[in-house]
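Undergrad: What follows is a single structure, and I will ask about it in a moment.
The values are calculated or read from the model by the stated rules, or taken from the named source; none is laboratory data. These numbers were taken from a predicted model, which means no experiment stands behind them. When we count neighbours, we look across all protein chains shown, and the Cβ atoms used for this are built from the backbone with ideal geometry, even at glycine. When the accessible area is computed, the model is the full protein with side chains, heavy atoms only, and any ligands, DNA or RNA have been set aside. Shrake-Rupley method; radii C 1.70, N 1.55, O 1.52, S 1.80 Å.
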Amino acid sequence: MAKGGRRQEILYAAQALFSRYGYDRVSMRDIAESVGISVGNLTYYFGKKEYVMVAVLEQMDRQAEEEIVVPTSVAEVDQLLDWFARRFSQSVFFRCLP
């Protein structure tokens, strides 16, 4: 697999693990096992877990910018709010917010 493809695979796996268990409860070993690579290989791509998280957040930010639609009606506002609620309701990133 090309380096870019493997990196993306790692980011998807890490995002899923971080969303499900939270940053503190996910290890580099967990991420590596999820992708089927060694911890050393994961370290080659990202260095340490903090850099994996930064890359995940940057990817989420890019995705959010691509998906932004400015609503022009109340129905579109409702659809956007439903989308937001579905997308983030299962994420531990947002469960800790007041």
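Undergrad: Being open to solvent by less than 80 Å² (accessible area, probe 1.4 Å), among the aliphatic types (A, V, I, L, M) and at pLDDT below 80 is the filter here; which residues of the range 59-84 pass it?
TA: If the condition is that a residue be open to solvent by less than 80 Å² (accessible area, probe 1.4 Å), among the aliphatic types (A, V, I, L, M) and at pLDDT below 80, then A64, L80 are the ones that fit.
Undergrad: Here is a follow-up. Just give me the residues in the range 44-58 being among the basic types (K, R) and either modelled with pLDDT under 85 or in a loop (DSSP other than H, G, I, E, B) (or both), in sequence order.
TA: K48 - this is the single residue of the range 44-58 that is among the basic types (K, R) and either modelled with pLDDT under 85 or in a loop (DSSP other than H, G, I, E, B) (or both).
Undergrad: Follow-up. Which one of the conditions (1) loosely packed, with under 13 Cβ neighbours inside 10 Å; (2) at pLDDT 95 or above; (3) part of a loop (DSSP other than H, G, I, E, B) does I37 fail to meet, given that it meets all the rest?
TA: Status for I37: all satisfied but (1).
Undergrad: Just to be sure, is A32 touching a Ser or Thr at 6+ places or on another chain (Cβ under 7 Å) and in a helix (DSSP H, G or I)?
TA: In short, yes.
Undergrad: Let me ask something else. Just to be sure, is G4 open to solvent by less than 80 Å² (accessible area, probe 1.4 Å) and modelled with pLDDT of 95 or more?
TA: For G4, the condition - open to solvent by less than 80 Å² (accessible area, probe 1.4 Å) and modelled with pLDDT of 95 or more - is not met.
Undergrad: Right, here's the next one. Considering only the range 7-34, how many residues are surrounded by fewer than 17 Cβ atoms within 10 Å (Cβ to Cβ) and touching a Phe, Trp or Tyr at 6+ places or on another chain (Cβ under 7 Å)?
TA: Going through the range 7-34 one residue at a time, the tally reaches 1.
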